[in-house]
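The values are calculated or read from the model by the stated rules, or taken from the named source; none is laboratory data. The model shown is predicted, which means the values in this text are computed figures rather than measured ones. Positions of Cβ are backbone-derived with ideal geometry, glycine not excepted, and every protein chain shown enters the neighbour counts. Side chains are part of the model used for accessible areas, which takes the heavy atoms of the whole protein and leaves out ligands, DNA and RNA. Shrake-Rupley method; radii C 1.70, N 1.55, O 1.52, S 1.80 Å.
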Amino acid sequence: MKRLVIVSNRVPSPKPRGAPQAGGLAVALAEALAGREALWFGWSGETSDTPGPPAIATAGSTRFATIDLTAAEKRGYYGGFSNGTLWPLLHYRMGLAEFRRDEHETWRAVNDRFAATLAPLLRPDDVIWVHDFHHFPLAAALRAQGCHQRIGFFLHVPFPPAALFDALPQGARLLADLAAFDLLGVQTEADAVNMRDALAGIGASAPVTAFPVGIDSQSFAREAARAASLPEARRLAESLGGRALILGVDRLDYSKGLPQRFRGYAALLKRFPEHRRRVTFLQVAPVSRNEVAQYRALRRELDELAGRINGEHGEIDWIPIRWMTRALPRATLAGFHRLARVGLVTPLRDGMNLVAKEFVAAQDHDDPGVLVLSRFAGAAAELKGAILVNPHDPDEIAEGLDAALRMGVEERRTRAALDRAMLATNSAADWAKGYLAALEATGESMRGAA
Ligand code: ADP
């Protein structure tokens with residue numbers, strides 16, 4: 001079997017096989033990597049004044065090679081063009097995107113340095129799989145280094161309609177970059193349509209296929225069942241005093257629709273007063289990208305909203321919203337999902353949203369909770385048992401919550417079984433294997449024929 005080379009912005013820290021890995025990508029790829037010779041290349045997450053050659057570490061059959069960035073590179077490539085321009089634009093939020101030429105140039109130069117550092121580590125018959133929007137130009141940059149290997153790309157976030165992507169001053173150039181890959185993978189059919197359309201707009205074409213990311217639902221289910229009896233979950237259960245738990249779990253990010261979600265919960269308490277005192281909404285949202293001003297502003301907005309809703313609706317013995325910006329261990333969250341009567345997942349736009357799938361996987365088959373899910377999460381295309389809502393409309397969120405809270409056990413079981421069956425057809429490993437099989441089956445690279 002050919003060696004697999006993974007490139008991603010961040011590289012998981014090498015751990016002995018079998019040790020739990022934090023990031024979703026690491027978990028998804030672990031099985032695809034197991035037993036196969038692999039090289040994983042990316043940014044170390046560190047900065048240094050004079051970045052040297054890559055640091056190499058080995059775990060099992062995988063080698064990890066990471067490079068540092070300079071502080072200026074980190075600003076332009078990571079905080080700037082990746083998170084300040086592409087992230088909002090790809091999530092349909094043009095108004096939040098900043099367009100700075102110097103940041104685009106730094107982003108491109110970092111990708112060139114990635115390519116120049118990676119090229120000498122490659123073997124002629126490697127298969128290269130590049131992940132996410134930080135690395136649109138990487139295939140083109142590797143080709144410029146004389147690399148003829150097969151190179152695939154997977155976009156974990158959404159791809160917006162061409163008219164929106166066109167707003168990016170360097171949009172046509174980025175599309176030409178994408179066309180240098182042998183296979184473009186996206187999360188949903190809608191993303192594939194948008195990307196094909198954008199490529200056609202510049203007269204380019206490359207195969208674009210949807211490969212929805214899956215989760216290892218059985219192991220998450222086992223973890224949730226175990227965690228439900230751990231002290232944290234017991235404390236939470238006792239503190240509820242028999243009230244129904246509505247649970248939100250997200251990174252603190254403006255794509256997650258948190259202010260609208262809080263307003264939706266407030267609308268539930270106002271319009272459906274029979275639920276007052278009978279529910280508790282716990283939102284866990286660890287701070288992320290706190291160096292970006294928009295993220296700090298979002299946190300302030302949510303602090304204020306939570307305070308106001310509790311002030312307005314709270315009673316001496318009932319606090320409507322519990323709001324935490326600390327991260328919790330994955331196992332603890334799994335246990336919380338299992339306790340929840342409602343999973344409230346309402347991103348304004350999301351590539352997939354793994355939390356929605358984790359909520360489904362964590363439920364007790366006999367007495368499952370209900371997922372209230374944004375129509376605009378990639379997961380909505382698969383999870384037909386969820387109550388779908390428009391996350392921009394607090395009234396619709398309130399109605400979805402009301403329906404979920406009133407739903408009888410028979411219907412909950414039917415819906416949960418439907419979604420559980422869906423998850424079972426597409427594990428994380430299935431996803432990685434499916435993508436790699438398609439990549440290896442793409443026509444012989446023209447560039448490689450020479
Ligand atoms: P994104 O990649 O935009 O953060 P996803 O929902 O697709 O969103 O993936 C998030 C991953 O991070 C999930 O596996 C989830 O369990 C984990 N996660 C999300 N919120 C938290 C949290 N509050 N604490 C710990 N892990 C979290």
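Summary table below
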| read-out | value |
| --- | --- |
| Surface share of carbon and sulfur [accessible, 1.4 angstrom probe, percent] for the chain | 52 percent |
| Straight-distance crosslink candidates among lysines, where the alpha carbon sits under 17 Å from K433 and sequence neighbours closer than 8 are dropped | K2 |
| 5 angstrom amide H check on V186, placed H, neighbours 5+ away | L155, T209, A210, F211 |
| Cα gyration tensor, the stretch 252-299 - rounded (a/c under 1.5), prolate or oblate | prolate |
| Computed E for Q218/E238 - FRET, C-beta separation, R0 35 angstrom, nearest 0.05 | 0.75 |
| Ranked order, I397, I387 - accessible area, probe 1.4 Å, largest first | I387, I397 |
| Cα gyration tensor category, rounded, prolate or oblate, for the stretch 376-450 with a/c compared to 1.5 | oblate |
| For K384, solvent-accessible area (1.4 Å; no DNA, RNA or ligand), Å² | 130 Å² |
| Mean shadow area of the chain over all directions, Cα convex hull, nm² | 21.1 nm² |
| Ranked packing of 239-247, 346-354, 188-196, 306-314, most packed first, by mean Cβ within 10 Å | 346-354, 188-196, 239-247, 306-314 |
| Beta bridges per DSSP with both ends in the chain, % antiparallel, nearest 5 | 10 percent |
| For R330, solvent-accessible area (1.4 Å; no DNA, RNA or ligand), Å² | 100 Å² |
| With Cα atoms, 0 to 90° folded angle of helix 189-201 axis to the chain main axis | 40 degrees |
| Dimensionless Rg/Rh of the stretch 1-134 - Kirkwood Rh, Rg from C-alpha atoms | 0.99 |
| Selection of GluC sites (Glu not before Pro), the stretch 345-450, meeting DSSP coil and at most 14 other Cβ within 10 Å | E444 |
| Bridge type composition, the stretch 217-424 - antiparallel percent by DSSP, nearest 5 | 5 percent |
| The stretch 133-217 shape via C-alpha gyration tensor axes, a/c threshold 1.5 | oblate |
| Scattering curve values for the stretch 217-424, log₁₀ I(q)/I(0), Debye with Cα scatterers, q = 0.11, 0.12, 0.13, 0.17 Å⁻¹ | -0.46, -0.55, -0.66, -1.20 |
| Geometric extent, Cα atoms of the stretch 319-450 - Rg, Dmax (angstrom) | 18.2, 69 |
| Accessible area of the chain divided out per residue, in Å², using a probe of 1.4 angstrom | 41 Å² |
| Intensity falloff of the stretch 347-417 expressed as log10 I(q)/I(0), Debye formula with alpha-carbon point scatterers, at q = 0.11, 0.19, 0.22, 0.29 Å⁻¹ | -0.24, -0.72, -0.95, -1.34 |
| Helix 231-240 vs. the chain, principal-axis angle (Cα, 0 to 90°, nearest 10) | 40 degrees |
| In degrees, nearest ten, helix 217-227 long axis to first principal axis of the chain (Cα) | 50 degrees |
| Which of T58, A237, L418, positive extreme of dipole for the chain (C-beta unit charges) | A237 |
